Every structure is written in structure tokens, then in C-alpha cells.
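Just below is one structure, and these are the notes that go with it.
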């Protein structure tokens with residue numbers, strides 16, 4: 001049975017004009033945050049200092065009025081039609097910056113509390129590292145705009161994953177809940193999901209019917225049980241434990257935004273596969289990537 005403490009359906013974490021707010025007010029949660037909103041023309045939301053922030057357009061275009069160090073600046077994010085239409089430009093705002101967010105569409109803001117100040121900057125869609133991971137029916141597309149290789153940041157690691165219909169991702173199940181230098185890092189993780197009729201062959205599907213599946217289970221670091229149908233706006237929190245697979249149902253594509261950070265100084269994504277399933281990686285050797293990938297704008 002899914003633990004409601006760690007899995008929240010769309011709107012269950014609504015607060016202060018946001019559809020979803022994940023932060024330290026959730027018991028047992030300390031290192032990462034997420035805010036998600038749908039904005040109409042003329043609406044605005046405030047972003048506070050004290051956390052580093054990564055603004056990710058999910059659909060639509062957005063603007064930021066940024067105040068930092070006594071100066072003001074404006075940032076425009078062109079965005080995209082949906083999360084299934086390739087990378088988007090994103091904006092990293094330092095922990096010293098405040099901002100007013102406006103625009104039309106759905107937007108996510110990943111956060112992590114920190115006193116360190118890294119430069120505010122925009123990562124254009126064209127500069128986003130796009131990775132195809134896995135192979136065959138385990139093929140997925142990763143946009144690494146907030147990973148250490150692409151972004152100088154204090155604490156968090158942020159990326160998004162697109163899994164075409166019928167494919168598996170976050171697989172083999174893996175964990176990052178023990179500090180093993182050079183082998184595994186301690187990172188709590190947020191999964192924010194969206195689903196839609198597949199861009200390839202999903203013409204008869206509806207947004208309301210679209211779904212995927214997600215699983216998390218216990219490790220020596222703690223007991224956890226998530227086995228859930230996931231739809232647009234749902235959030236899974238992974239404080240510890242083996243997580244995966246995330247499965248796109250036939251006919252429907254699956255998206256998730258990952259936000260990770262932990263208590264240790266090293267900003268690195270180091271994982272340990274479930275020993276019972278690690279062998280699956282070997283079966284990918286020689287297999288081609290899913291021919292539907294990469295999904296691009298269009």
C-alpha cells in the first residue's frame with residue numbers, strides 16, 4: 001500500500017497560490033524543495049531568498065524580475081509547448097536573489113536551502129545537455145540542465161526525464177541513501193510527474209486518461225513503500241530506499257522532474273543498483289536506443 005506521507009496527488013500540497021509546495025515544513029524533509037504553479041496572464045508569484053532556485057518552464061513562457069545585491073534585472077524564458085517537446089531554457093537564481101515570476105502556462109521551481117551564493121544565469125535550451133540513457137524498451141531522454149556538468153550550484157542536482165510509451169526508466173531500481181565516498185552519495189529526491197497521450201501513436205488518447213506507474217521500496221536506510229499510478233501534477237518524495245521503475249503505460253508518455261540534494265559537501269549523483277536487478281544493465285549492450293527518441297520541439 002502506498003505511503004501517503006511520501007506520495008502526493010496533484011493539489012494535495014497546494015499553498016499560497018502554488019499548486020504544489022515541497023519544503024522543510026514536511027516532516028523528515030530537509031534538503032530539497034519544489035514549487036509548481038499554473039499562471040494565467042497578469043498573475044504573479046514571489047520567489048524568496050535563502051534558497052537557490054532553478055526555474056523550469058513546463059509549458060508556456062515566463063518572465064522574471066530579479067532583485068539581487070541592490071540591482072534589478074529581467075529574464076525572459078521562451079519555454080516550450082509541453083514537457084514532451086524537447087528542452088527548455090531555464091534560469092538559475094542564487095540564494096541571495098528574490099524574484100517576481102509571471103507568464104502563462106505551467107512552471108516548476110526547484111530549490112535547495114543554502115547560504116552559498118553562485119551566479120544567477122540562464123541556461124538556454126540550445127545549451128542543455130541531452131542524454132539518451134538505457135537501451136531498447138529501457139530507453140529514455142534526459143535533459144541535464146541542472147547537473148554538476150552543466151551548472152555551477154551550491155547543493156542541488158536537477159534534471160528531467162522523458163520516457164516514451166511502454167518504456168521503463170529509473171531502472172534498474174537504485175538508491176543513494178548512504179555516504180560511501182566515490183561509490184554512493186546521500187541524496188533525498190523529488191519526482192514531479194506529467195503524463196500525456198504519446199507523441200507517436202497516441203492520437204486517440206486523452207490527457208485525463210494518461211498515466212504511468214512508479215515504485216519505491218525499502219533499503220537498509222529505511223522503510224518506504226510507494227506503488228502508485230502517477231498523473232500530471234503528482235509528486236513522489238524519496239528520502240531513502242530503492243526507487244524505480246518509472247513506467248510509461250502503453251499509449252502514454254511519462255515525464256518527471258528530479259530534484260536531489262543531501263547533507264554531505266559533495267555535489268555528486270552516485271548510486272547503487274539493487275543487487276537483484278543490476279545484471280539488467282548488461283543486457284543493454286549492443287541494443288539500439290528507441291527510434292522515437294530524441295523528442296524535440298515541434
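Please determine whether any residue of the range 222-239 is surrounded by fewer than 20 Cβ atoms within 10 Å (Cβ to Cβ), without any contact (Cβ under 8 Å) to a residue 40 or more places away in the chain and out of contact with any strand residue (DSSP E or B) (no Cβ under 7 Å at 6 or more places or on another chain). Yes: the range 222-239 contains one or more residues that are surrounded by fewer than 20 Cβ atoms within 10 Å (Cβ to Cβ), without any contact (Cβ under 8 Å) to a residue 40 or more places away in the chain and out of contact with any strand residue (DSSP E or B) (no Cβ under 7 Å at 6 or more places or on another chain). Scanning the range 8-20 turns up no residue that is in contact with a strand residue (DSSP E or B) (Cβ under 8 Å, 6 or more places away or on another chain), closer than 21 Å to residue 122 by Cβ and outside any loop (DSSP other than H, G, I, E, B).
May I ask you to verify whether residue 28 is at positive phi, assigned to a loop (DSSP other than H, G, I, E, B) and either surrounded by fewer than 19 Cβ atoms within 10 Å (Cβ to Cβ) or modelled with pLDDT under 95 (or both)? In short, yes. Looking across 182, 201, 205, one residue alone is in contact (Cβ under 8 Å) with a residue 60 or more places away in the chain and assigned to a loop (DSSP other than H, G, I, E, B). It is 182.
State yes or no: is residue 219 closer than 23 Å to residue 262 by Cβ and free of Cβ contacts under 8 Å to residues at least 60 places away in the same chain? Yes; evaluated as a whole, the condition is true for this residue.
Selection of the range 138-174 for residues being in a loop (DSSP other than H, G, I, E, B) and closer than 20 Å to residue 241 by Cα yields 156, 170, 171, 172, 173. Summed over the range 278-298, the residues that are assigned to a loop (DSSP other than H, G, I, E, B) and either in contact with a helix residue (DSSP H, G or I) (Cβ under 9 Å, 6 or more places away or on another chain) or surrounded by 10 or more Cβ atoms within 10 Å (Cβ to Cβ) (or both) give a count of 10.
If you check residue 208 against the conditions, is it under 17 Å from residue 294 (Cβ atoms), surrounded by fewer than 17 Cβ atoms within 10 Å (Cβ to Cβ) and at pLDDT 95 or above? So residue 208 does not fit the description; no. Residues satisfying the criterion are absent from the range 51-68 (criterion: modelled with pLDDT under 95 and over 17 Å from residue 190 (Cα atoms)).
The set of residues in the range 73-83 being part of a strand (DSSP E or B) and surrounded by 12 or more Cβ atoms within 10 Å (Cβ to Cβ) consists of 73, 75, 76, 77, 78, 79, 80.
The values are calculated or read from the model by the stated rules, or taken from the named source; none is laboratory data. For clarity, every value in this text was computed on a predicted model and none was experimentally measured. Using ideal geometry, Cβ is built from the backbone for each residue, glycine included, and neighbour counts are taken over all protein chains shown.
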